[in-house]
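Colleague: Pasting a structure here, questions to come.
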Amino acid sequence: MTAVALTINGRDASTDIEPRTHLADFIRETQNLTGTHLGCEHGVCGACTVLIDGVPVRSCITYAVSCTHANVTTIEGLDDDEITKELRGAFSREHALQCGYCTPGMLISARDLVLRAPEANERAIRVAMSGNLCRCTGYVGIIRAIEGVIADRRGRGIAHLPGAGRTALGPAGASDRPITRTREPKRESQPIAEAVPESGKTDGLADWKPQSTFDRSFVVNHPADQVWNFFANVSEVAACLPGASLAGDTSGRTVAGKMRIKVGPIAAEFHGTAEIARDAATRSGSIHGSGRDRRSSSATRGVVSYRLSPAGDGATNVLLSVGYRLTGPLAQFSRSDLMQDIAGRLVAVFAQNVEARLSGTRPSSASAGELRAGGLFFSVLAERIKARFRRLFGR
């Protein structure tokens, strides 16, 4: 692994990564900045263009480790940029976008051109923007939008900046800066601690940082002792979670299993292991898990920490803290706000199934072979659309 530390949109970002990790993957998968799009992954289409130390660069063919200590700006970092604001308005006015996939890279390249172009010249704009491909618009609106912004700025007396302020030739980035390489520590098998620390971490699978975290809670109408004993039965708990199943011995603190997920036409089956720790004194526990889907090469890691407390009238309050990271092709579905809404609905289903099990009845999702996330996804979107209409029309 290699340590990389750089600044993205004014914020420090550092972690250990594989040396072959491209900057685009680093930006999207570790920083959740999905405005940087991946198209050809050969540096041809320009959809992945970002600024490295102020220079437009194809992030899909730039190694993240070569950008150590560099300043990286993605399309999200240009929200308040004056030139980008003018370009966004011109793109909308001239109908310079349709599907929008190429637009982030197009705007970043256009911004650089607006900075350095002495005058609005259609041919010069076409040549300068030839590295950004669009499959929708035919480029006419794009050229008009950029031409209009350049002409307007020059008409307001804003002079061009030769070379966009660059004074040196050569590749962009921080390739001349030191790169720190770290060796993988030799891991020895250690027993998992009986008690769960306040941090909610255990050894082994715990040495990672979640991409997103959220808290949830629910009430079970059974005494805390009964719920605590139920949570000790890993097979029973897994049966309450749609799509989850265990394989092999489930009596130890490390278990193997799988999770089947279906989103529209995409079906994934994550195979992996989980480490379980419990502390009877505080009625708290944690589950650290990781898995990989062989078909899509997507991978996930997650941690669920829980704590039980009396809720009155013989009921039990279950406090959950969930952290996760999703990488690979399926990471496009990991937008934190949507995932938290979907997770909230999953927790509700899990709570219903736990209640059913403790009451001696069969959980509603026990027979479900996979988690159909697509239905949850679209139901969340439907609720958001309804809420938007209620705000607009006061109903």
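Colleague: When Ser309, Ser359, Ser321 are ordered from fewest to most other Cβ atoms inside 10 Å of their Cβ, what list results?
Modeller: Least to most surrounded, the residues fall as Ser359, Ser309, Ser321.
Colleague: Determine, from the Cβ-Cβ distance of Met1 and Ser92 and an R0 of 51 Å, the FRET efficiency 1/(1 + (r/R0)^6), rounded to the nearest 0.05.
Modeller: That gives a FRET efficiency of 0.70.
Colleague: Which cross-chain or sequence-distant (5 or more) residues have an amide H under 5 Å from the amide H of Tyr63, H modelled 1.01 Å from N in plane?
Modeller: Under 5 Å from the amide H of Tyr63 lie the amide H atoms of Leu23, each far enough along the sequence or on another chain.
Colleague: When a footprinting reagent is the concern and you count Cβ atoms within 10 Å, what order do Val44, Val50, Val220 take, fewest first?
Modeller: With the fewest neighbours first, Val44, Val50, Val220 line up as Val44, Val220, Val50.
Colleague: Okay, next question. Suppose each label sits 7 Å from its Cα in the direction of the beta carbon; what would the Lys258-Ala311 distance come out to in nanometres?
Modeller: Inter-label distance under the simple model: 3.4 nm.
Colleague: Roughly how many Å is it from the Cα centre of the stretch 122-157 to that of the stretch 25-61, as a whole number?
Modeller: 21
Colleague: Counting Lys +1, Arg +1, Asp -1, Glu -1, what net charge surrounds Phe218 among other residues with beta carbon under 15 Å of its beta carbon?
Modeller: Spelling it out: positives minus negatives among the neighbours equals +2.
Colleague: Something else now. Compute the separation of the alpha-carbon centres of the stretch 82-115 and the stretch 264-313 and state it in Å as a whole number.
Modeller: Distance between centres, Cα-based: 42 Å.
Colleague: To continue, here is another question. In nm, to one decimal, how far is the Ala247 label point from the Asn229 one, both placed 7 Å along Cα→Cβ?
Modeller: With each label point 7 Å from Cα toward Cβ, the separation is 3.2 nm.
Colleague: In the stretch 86-101, which residues have a backbone nitrogen under 20 Å from the label point lying 7 Å from Val140's Cα in the Cα-to-Cβ direction?
Modeller: Of the residues in the stretch 86-101, 90-100 have backbone N under 20 Å from the label point off Val140.
Colleague: Give the long-range amide H neighbours of Ile8: residues separated by 5 or more places, or on another chain, with amide H under 5 Å away, using H modelled in the peptide plane at 1.01 Å from N.
Modeller: Ala13, Val72
Taken together, the values in this text are just the output of simple stated rules run on the coordinates, not laboratory data. Predicted model only: the values in this text are computed from it and were never measured. Note that we place each Cβ from the backbone using ideal geometry, even for glycine, and neighbour counts take in every protein chain shown.
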